[in-house]
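The values are calculated or read from the model by the stated rules, or taken from the named source; none is laboratory data. Keep in mind that this is a model prediction, so the values were computed, not measured. Positions of Cβ are generated from backbone atoms using ideal geometry, with glycine treated the same way; all protein chains shown enter the neighbour counts. Accessible surface areas use protein heavy atoms only, side chains included; no ligands, DNA or RNA. Shrake-Rupley method; radii C 1.70, N 1.55, O 1.52, S 1.80 Å.
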Amino acid sequence: MKIFRADYVFPISADPIKDGVIAVDDHGKIISVSDQLPPGASNASVERLHGIICPGFINTHCHVELSHLHGKIPRSGGLVNFIKDTQQLRNSDPKQIEAAAIKADNDMYDNGIVAVGDISNTNATVALKASSKLYYHTFVETFAFTPNKAEEVFNNALALMAEFKPQSCSVTPHAPYSVSKELFKLLKKYCDSNVKNLISIHNQECEDENKFYRYKLGAFNDLYAHFGIDISYFKPQARNSLQSVIPLLTSKQDILMVHNTCTNLKDIYFIKRFDRKIHWCFCPHANLYIEGALPKVDLFLDQGFNITLGTDSLASNNKLCILSEMRTLQANFPALSMDRLLKWATINGATYLGIDKYKGSLDVGKTPGLNLITGLDDLKITADTKVKRLI
């Protein structure tokens, strides 16, 4: 048994405990959380720490297979250029891809992450995920904006997903601008008939995405031309991309809307008109890296939705660290409390991934991992704030 006492313990499922004490067994299972020592324990057996103890972090959006692109794509080029560069550079020596992915996995572990919702378009990370110390749910993405390719692409995604099993995995749409209505319909039919198939969709990362859906104007026309995709069939929808695709998504599965850089209040209210299990994921560093903009986070607060955090890939981030994402959010939205940010970073992600019985909060019987966060100023994240994995 290990016993830790810290300035604060944040159980997440209860109020923070000042001068809190947490005891875990040799397997990391929580024995007790309190302001008192466990029965029979002495002060000599307690490791005294300065800072706060919280559960391990949940990263609900990552692309581990793109880790070899670290530093290779210029900043602030906009989403369309980012997509072009990614497609041009992503194919590399398999050994290089594997080595970068392994390093990214180890870095996430060191940064206190215990579970990851990871996007895959290839089988490059199958072996890594099977042996990792982290919990992974793999989202196998589908891409086909051309209607006549929908069935082929969907069947290929199912075949790739089979390579990840028995690991936790699902098949999912990539983004509104890369999935045709026909492919959305195939995904919806599959989701409506399956017990569990989590959905994760890139949403409104740039204004051009909305401009394309509303008026068929903007940089996405150049993107389709660049890849030789005929979009003559597509008609302007006279509404934002989110409003256009929400009716095409299943009501049977949990849906994570990722990025949301250009989501507005009308979009949020539009979603409330539909019976959809919507969660939101913010990846602020990636938004700044690609578009130089952040979501209007204040619009999402207290709307009744589950909010989570992600890192995106090393193609659009300097490191895979949830604490760094929290720091950026707090710097830009000072009203965000440590309590709220930690919920986004832990239990909310665990709830979306369906692992909240084991992860996400410091409750007796769970094995959520323990993080120590130091360098805070009155429970505010500073430039000196660091995270250390305890368990």
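So the label point goes 7 Å from the Cα of Lys357 along Cα→C-beta, right? Which residues of segment 192-208 then have their backbone N under 20 Å from it? Under 20 Å, as judged by backbone N against the label point of Lys357, lie 194-199 of segment 192-208. Across all directions, the shadow cast by the convex hull of segment 57-113 built on its C-alpha atoms averages 4.4 square nanometres.
Specify which residue in the list Pro39, Ile231, Asn306 is farthest towards the positive end of the charge dipole of the chain, using unit charges on the beta carbon of Lys, Arg (+1) and Asp, Glu (-1), about the Cα centre. Positive-end residue among those listed: Ile231.
Please go through segment 249-280 and write out the trypsin sites (Lys or Arg not before Pro) that DSSP classes as loop and that have at most 10 other C-beta atoms within 10 Å.
Arg273
Using the Cβ of Asp356 as centre and a radius below 13 Å, the other residues enclosed give a net charge of +2, where K and R count +1 and D and E count -1.
Of all the C-alpha pairs in segment 275-343, what % are more than 15 Å from each other?
Of all Cα-Cα distances in segment 275-343, 52 percent exceed 15 Å.
Each Lys or Arg adds one and each Asp or Glu takes one away; over the other residues whose Cβ falls under 14 Å from the Cβ of Gly218, this sums to -3. If you restrict to DSSP beta bridges whose two residues both lie in segment 1-100, what percentage is antiparallel, to the nearest 5? In segment 1-100, approximately 65 percent of DSSP beta bridges are antiparallel ones. Dipole magnitude for segment 110-260: about 480 debye, using +1 per Lys or Arg Cβ and -1 per Asp or Glu Cβ, origin at the Cα centre. Remark: segment 365-379, residue by residue, has Karplus-estimated 3J(HN,Hα) of x, 7, 10, x, x, 10, 10, 10, 10, 10, x, 7, 10, 6, 6 Hz, where x stands for each Gly or Pro and the curve is 6.51 cos²θ - 1.76 cosθ + 1.60 at θ = phi - 60°.
Note on segment 150-203: Kirkwood hydrodynamic radius from all Cα pairs is 11.6 Å, rounded to one decimal.
Under the rule a/c < 1.5 gives rounded, and otherwise a/b versus b/c splits prolate from oblate, where does segment 308-391 land using the Cα gyration tensor? In terms of gyration-tensor shape, prolate.
Working note: Cα gyration tensor of segment 1-94, eigenvalues times five, square-rooted, sorted largest first, giving semi-axes of 45, 15, 11 Å. Counting every pair of alpha carbons in segment 31-178, the share spaced more than 22 Å apart comes to 54 percent. Considered as an equivalent ellipsoid built on the Cα gyration tensor, segment 212-251 has semi-axes of 21, 12, 9 Å, the largest given first.
Counting Cα-Cα pairs of segment 195-340 in 5 Å increments starting at 0 gives whole-percent bin shares of 2, 9, 17, 20, 19, 16, 11, 4, 1, 0. The separation of segment 138-189 from segment 67-100, counted between C-alpha centres, amounts to 22 Å. Of Asp230, Asp105, Asp254, the residue with the greatest mean-square motion in the GNM of the chain, using alpha carbon springs below 10 Å, is Asp230. The accessible surface of the chain, taken with every protein chain in place and a 1.4 Å probe, is 50 percent carbon and sulfur. Per residue, segment 97-249 exposes an accessible area of 42 Å² to a 1.4 Å probe, with every protein chain left in place. Charge tally for Lys277 (other residues, Cβ to Cβ under 15 Å; Lys, Arg +1; Asp, Glu -1): +2. The radius of gyration of the Cα set in segment 239-323, together with its Dmax, comes out at 13.3, 38 angstrom.
In the structure shown, do any of Lys319/Lys386; Lys181/Lys211; Lys165/Lys388; Lys185/Lys235; Lys18/Lys366 have a Cα-Cα gap over 23 Å, and if so which? Walk me through the numbers before you get to the answer.
Working: Lys319/Lys386 14 Å; Lys181/Lys211 18 Å; Lys165/Lys388 32 Å; Lys185/Lys235 18 Å; Lys18/Lys366 21 Å.
Lys165/Lys388, as the Cα separations exceed 23 Å there.
Using the empirical formula 2.2 N^0.38 Å as the baseline, the Cα radius of gyration of segment 147-242 reaches a ratio of 1.18. The listed peptides 282-291, 337-346, 124-133, ordered by packing as a protection proxy, come out as 282-291, 337-346, 124-133 (highest mean of other Cβ atoms within 10 Å first).
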